[in-house]
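Accompanying notes for the structure given below.
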């Protein structure tokens, strides 16, 4: 069956049966222990109290979902997007991107101007979706935010570092990304605060450069760091270097505003006004 040709429909999820399917999707996508799953009763109450809970149906199957709930951030009411998941059989079809744009539409309808969420700085595919495709930014780095749990780190016992993403959904910048009008960067001409030691896809990180003053700076991350689970020391090394770079430049007034996802992957750090 060609899933690309099946109709895609995104709608609110409201029933107990759909909430139970969401739990099963979490297990299938992340392989988390039960203690780290968001349970059905959480969806029951928050869906009645202002949460945005949308499901993507491909044909007749619930293939993925996005979930956010009201929070206070910078002393204003926002939506915080806690979960976005697409079943493995349906990944690569652009469903995650469509769920996020649908989430934005719902949030605008409800009067919100900002959606936040967290993600692992080492996961290049997520960085590309969040910063490049959607037009979000990040200027906050939280070390070991969820604690060192075996479920969230796949048994590797490494810190759960996270970016806090800010998606200002009413801005012209995000509207340009919605229309797929992206800014272009020449990574060969831009200074690099962090880059790998060699051309190997599993290279170790080089020495961080923490005192650059250019308006735009790049920081590299491996494209498929999660494939290096047999070498946790490599993950820890990249995490430590990237943490040092991001915290340093965020403190100096930079924000990560884009991501270059090619043979080599880079965060784009821009000095803010």
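Given the chain, report the % of alpha carbon pairs whose separation exceeds 29 Å. It works out to 34 percent of all Cα pairs.
Under 10 Å, Cα contacts only: if you run a Gaussian network model on the chain, which one of 63, 127, 199 comes out with the highest mean-square fluctuation? For the chain, modelled as a Gaussian network with Cα springs under 10 Å, the answer is 199.
Summarising the label geometry, the points placed 7 Å from Cα in the beta-carbon direction at residue 273 and residue 189 lie 2.4 nm from one another. Across segment 128-243, C-alpha contacts under 8 Å between residues 6 or more apart give a mean separation that, scaled by the residue count, equals a relative contact order of 21 percent.
Quick one: angle between helix 232-251 and the longest Cα principal axis of the chain, in degrees between 0 and 90, rounded to 10, please. That helix lies at roughly 80 degrees to the long axis. Taking the longest Cα principal axis of the chain as reference, the axis of helix 95-109 is set at about 70 degrees.
Comparing 262, 98, 244 in a Gaussian network model of the chain where C-alpha atoms under 10 Å apart are linked, the largest mean-square fluctuation is found at 262. Compute the angle between helix 16-30 and the longest alpha-carbon principal axis of the chain, please, reported from 0 to 90 degrees and rounded to the nearest 10. Long axis of 16-30 versus the principal axis of the chain: about 30 degrees. Sorting 231-237, 18-24 by their mean Cβ neighbour count within 10 Å, with the most densely packed peptide first, gives 18-24, 231-237.
Suppose we keep just the DSSP beta bridges with both residues in segment 155-273; what percent of those would be antiparallel, to 5? In segment 155-273, DSSP labels about 90 percent of beta bridges as antiparallel. Among rounded, prolate and oblate, which fits segment 53-143 when a ≥ b ≥ c are the square roots of the eigenvalues of its C-alpha gyration tensor, a/c under 1.5 means rounded, and a/b larger than b/c means prolate? Here segment 53-143 falls in the oblate category.
Values in this text are rule-based calculations from the coordinates and carry no lab data. Please read all numbers here as calculations on a predicted model, not as lab measurements. Note: ideal-geometry Cβ built from the backbone for every residue, glycine included; neighbour counts use all protein chains shown.
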